[in-house]
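One structure is given below, encoded as structure tokens.
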Amino acid sequence: MPLAPPRALRRSRRPGAPLVVGLVGPVAGAVVSGLLLGGLLPAGPGVAAAPSTASATAADRPAHASAEVRRAPRHSLEERIDRLPHVVGVSRRGPRVLDVRFRQPVDHTVRGGPTFVQRVVVTHRGVGRPTVVTTSGYSLPGPAPTEPTRLVDGNQVGFEHRFFGRSRPTDLSPASWRTYLTLEQAAADEHRIIASLRRLYPRPWLSTGVSKGGMTAVYHRRSYPDDVAGTIPYGAPDDVVDTDDAYSDFLDRVGTSAGCRDRLVALQRAVLVQREALAPRLADLGPTKILGGPDRALEFLATDLAFGFWAYRGQEACLTLPRDPAALSPRRLWAEVTDVSPPVAYVDPVLRRYAPYYVQAATQLGSPQLDESALADLLRHPGANTAAELAPRRLRPLTLDPSAMPAVDAWVREEAQRMLFVDGGVDPWHAEPFSCGDDPAAAAARACLTTVVPGGTHGAPIADLPDAERDRLVRTIRRWAGLATSSADLAPRGWAVAEDGPTPARLRGLAPARILR
């Protein structure tokens, strides 16, 4: 008999409602989601207990963790965190939520070099609970618990990715962006935070993230595999060879109705036909110098529409699409477009906010390049919608390192342990998913697991899986955290209220549709 879904995991999505956790189009939609949000193997060494940090120094590891727990009542939570290594400031946001600032090297390979302050939010449940580390891959996340945090009733550590928000060096020369905004440097940031906070939270750690946050969790785990006992990325794409895209083929067959796909193409074409009337509306939202003016920005918006629709609305929203977009007035057409992909994502202030993502996509991550043949006769800037073109002009040119993603992909296929990849069935980012390898037995032995939520959009949760699969994976995650896996222990406790408002996973992002939200 399947387990009853925990209260916090019950399905709550309305038909057609977007689940956005980061950004909006393939290149711009990576940011608009925000890239936004298996088999029960015997618990192996390091799963039930706090994992050791392979590359940590002796100073990074707690020598007397149990003694620190016994002394805890003598000091406030702020005082205990403020005394940890590399912490340079602590302030209280709520009864159990603290904003913490860490001093980080700009270059982790150089001693005594320039530093910057990285922002972290700690949501405290207790020093005897597991801890989940998470990031959106962008700016500082709120304290609202992720799905894995709810499942283990754990502490949560959310950190702002380097170069985003206020977590950036003072020297932001073009050379510093290309040199220090790398997977390796960001992974070292996360490792340093975990090594410090583990002195207070010695129980097992997990890592998670949705979209680009999920990718960030994978990259950290590859560099520091023993930092956490398990990793759960949601909606994380794996663009192994940037010049060999599967996204267009996926969009050609996604969903259950060719008619829905045809309506989306008709909507895209209608936008381009009425561009003279619609471009001024986009210009009213803000300057568009980065993309070369409102006409060019509108074209980027139009080419992203189908990707954004499937990533953040899905099959159930097909009924809301206009049957004859070409017959709509500019006002009605603009309303339809806004409902699919926020046009404000293509103005300069928002593009600057996500500039670090565009730099990463253009130099290491890769990004989709969609087939524009159905729109070719209406395009004035064919092939221009790329990550490099969305980056601020002063940072160009940007050159992709073709070796970065194949190295990550090979590690996941051959070595990764205790990883659970969760993807949505109609999410275009799922066109190029992470794989645990071609040998199912070998993957099972490493507890490298993948699952697809039927009909799920970008960031689809484990809660939306069929009952048996959901229960199996919930037990797996709890086992990694060193917790009981009986039916009576699966309901999360104590997360009734998020202390800074509603969870951002259900709110719509402002980045372009192809940005990893």
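The values are calculated or read from the model by the stated rules, or taken from the named source; none is laboratory data. The structure displayed is predicted, hence computed values, not measured ones. Positions of Cβ are backbone-derived with ideal geometry, glycine not excepted, and every protein chain shown enters the neighbour counts.
Take the residues in segment 370-387 that are over 20 Å from the mean Cα position of the chain (by Cα) and within 25 Å of Gly214 (Cα to Cα); name whichever of them is surrounded by the most Cβ atoms within 10 Å (Cβ to Cβ).
Asn385
In segment 114-143, which residue that is aliphatic (A, V, I, L, M) and in a loop (DSSP other than H, G, I, E, B) is nearest to Ser167 (Cα to Cα)?
Leu140
For segment 82-113, which positions are in a loop (DSSP other than H, G, I, E, B) and over 18 Å from Glu160 (Cβ atoms)?
Arg83, Pro85, Pro95, Arg96, Asp107, Thr109, Val110, Arg111, Gly112, Gly113
Just the residues that are over 25 Å from Arg475 (Cβ atoms) and either among the charged types (D, E, K, R) or part of a helix (DSSP H, G or I) (or both), please, taken from segment 395-412. Step through it out loud before you land on a result.
So the first thing to find is which residues in segment 395-412 are over 25 Å from Arg475 (Cβ atoms), and the list is 395-411.
Those that are over 25 Å from Arg475 (Cβ atoms) and either among the charged types (D, E, K, R) or part of a helix (DSSP H, G or I) (or both): Leu395, Arg396, Asp401, Ala404, Met405, Pro406, Ala407, Val408, Asp409, Ala410, Trp411.
Does Ala410 count as on the phi > 0 side of the Ramachandran plot and not acidic (Asp, Glu)?
no
Quick grid of which residues meet (1) crowded, with 23+ Cβ neighbours inside 10 Å; (2) aliphatic (A, V, I, L, M); (3) under 24 Å from Ile462 (Cβ atoms); (4) modelled with pLDDT of 95 or more:
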residue: Val133; (1), (2), (3), (4): yes, yes, yes, yes
residue: Tyr138; (1), (2), (3), (4): yes, no, yes, yes
residue: Glu147; (1), (2), (3), (4): yes, no, yes, yes
residue: Asp171; (1), (2), (3), (4): no, no, no, no
residue: Arg178; (1), (2), (3), (4): no, no, no, no
residue: Ala187; (1), (2), (3), (4): no, yes, no, yes
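If Gly126 meets every condition in (1) over 19 Å from the mean Cα position of the chain (by Cα); (2) within 27 Å of Gly230 (Cβ to Cβ); (3) surrounded by 18 or more Cβ atoms within 10 Å (Cβ to Cβ) apart from one, which number is that one?
(3)
Taking segment 282-292 as the region of interest, how many residues are in a helix (DSSP H, G or I) and surrounded by fewer than 18 Cβ atoms within 10 Å (Cβ to Cβ)?
Residues meeting the conditions: 1.
State whether one or more residues within segment 161-177 are in the same structural domain as Glu79 (by TED's automatic domain parsing), of a type in the set (A, V, I, L, M) and touching a Ser or Thr at 6+ places or on another chain (Cβ under 8 Å).
no
Residue-wise test of (1) basic (Lys, Arg); (2) modelled with pLDDT under 95; (3) crowded, with 24+ Cβ neighbours inside 10 Å; (4) outside the structural domain of Val337 (by TED's automatic domain parsing).
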{"position": "Ile232", "(1), (2), (3), (4)": "no, no, yes, yes"}
{"position": "Gly235", "(1), (2), (3), (4)": "no, no, yes, yes"}
{"position": "Arg253", "(1), (2), (3), (4)": "yes, no, no, no"}
{"position": "Ser257", "(1), (2), (3), (4)": "no, yes, no, no"}
{"position": "Asp262", "(1), (2), (3), (4)": "no, no, no, no"}
{"position": "Val265", "(1), (2), (3), (4)": "no, no, no, no"}
{"position": "Arg269", "(1), (2), (3), (4)": "yes, no, no, no"}
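Could you figure out which of (1) outside the structural domain of Gly113 (by TED's automatic domain parsing); (2) not in a helix (DSSP H, G or I) isn't true of Asp227?
(1)
Please go through segment 310-335 and give me each residue that is in a helix (DSSP H, G or I), surrounded by fewer than 18 Cβ atoms within 10 Å (Cβ to Cβ) and not polar (S, T, N, Q), ordered by number.
Glu316, Leu319, Ala326, Ala327, Pro330, Arg331, Arg332, Ala335
Pick out the one residue from Gly456, Gly437 that is part of a loop (DSSP other than H, G, I, E, B) and at positive phi.
Details: Gly456 fails: at positive phi.
Result of the check over Gly456, Gly437: Gly437.
Within segment 374-393, count every residue that is part of a helix (DSSP H, G or I), at pLDDT below 95 and out of contact with any helix residue (DSSP H, G or I) (no Cβ under 6 Å at 6 or more places or on another chain).
Selection size over segment 374-393: 2.
State whether the residues of segment 343-364 include one that is within 25 Å of the chain's Cα centre (by Cα), basic (Lys, Arg) and either under 16 Å from Ala297 (Cβ atoms) or in the same structural domain as Met215 (by TED's automatic domain parsing) (or both).
Yes, segment 343-364 contains at least one residue that is within 25 Å of the chain's Cα centre (by Cα), basic (Lys, Arg) and either under 16 Å from Ala297 (Cβ atoms) or in the same structural domain as Met215 (by TED's automatic domain parsing) (or both).
Checking the condition out of contact with any Phe, Trp or Tyr (no Cβ under 9 Å at 6 or more places or on another chain), charged (D, E, K, R) and within 20 Å of Met215 (Cβ to Cβ), which residue from Arg178, Arg168, Arg199 passes?
Arg178
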